[in-house]
1. Classify region 52-95 as rounded, prolate or oblate, taking a ≥ b ≥ c as the square roots of the eigenvalues of its Cα gyration tensor: rounded when a/c is under 1.5, otherwise prolate if a/b is larger than b/c and oblate if not.
2. In whole percent, what relative contact order does region 25-118 give with Cα contacts below 8 Å and a gap of six or more residues?
3. Give, in nm to one decimal, the length gained when the segment between Leu9 and Tyr56 is fully stretched (0.36 nm per residue of separation minus the Cα-Cα distance).
4. Suppose every K and R has +1 on its Cβ and every D and E has -1 on its Cβ; what is the size of the dipole of region 73-119 about the Cα centre, in Debye to the nearest 20?
5. Order the following by accessible area, largest value first: Asp43, Asp121. Probe radius 1.4 Å; ligands, DNA and RNA are ignored.
6. Run the numbers for Leu83 and Glu131: contour at 0.36 nm per residue of separation, minus the present Cα-Cα distance, in nm.
Amino acid sequence: METSGWILLAVLVGAAGLGLLAWWRVRAVREGGVEVAMRIRPDLASSRWHLGVGRYRGDNFVWYRATSLLSRPNAVFTRAGLLIVHRRKPTGSEAYAMPRGATVLRLRARQAEFELAMTSDALTGFQSWVEAAPPGRPVPWAS
């Protein structure tokens, strides 16, 4: 086999490997997840929305960016430090980057604020998860 044949074979094997990795990631992330768009810095005009998938893992909400090939989550939020600050409908110019019929939540985790956009079904589950208290954790509004 000539050198160009080996190069072509290496490129094909590499492309097949990347395709398999992408397929595995999409399959692994979408199992049991909800479609969620996220904006990290809502206070900046240049901040963009990114589509992804959110999953619940006990006291953590993990978010995987749709266009990333990382096997780890792109963001992890702990329920104990998460506060819903505001809720709104998307503006016309941002509706393209989120699920159809989404509601935008502004959240605070520690000192940082960010926004998540999700459908009404996903929103109901997310609010229930945020407000739920695991056994042994005090609930201030129930006292």
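The values are calculated or read from the model by the stated rules, or taken from the named source; none is laboratory data. Note that the coordinates shown come from a computational prediction; the quantities given were computed from them, not determined experimentally. Note that each Cβ is placed from the backbone with ideal geometry, even for glycine, and that neighbours are counted across all protein chains shown. Keep in mind that these areas ignore ligands, DNA and RNA; they rest on the heavy atoms of the full protein, side chains included. Shrake-Rupley method; radii C 1.70, N 1.55, O 1.52, S 1.80 Å.
1. Because a/c hits 1.5 or more and a/b fails to exceed b/c, region 52-95 counts as oblate.
2. Reported as a whole number, the value is 28 percent.
3. 12.8 nm is the gain from fully extending Leu9 to Tyr56.
4. For region 73-119, the charge dipole is close to 160 debye.
5. Sorted descending by solvent-accessible area, the residues read Asp121, Asp43.
6. Between Leu83 and Glu131, full extension yields 16.4 nm more.
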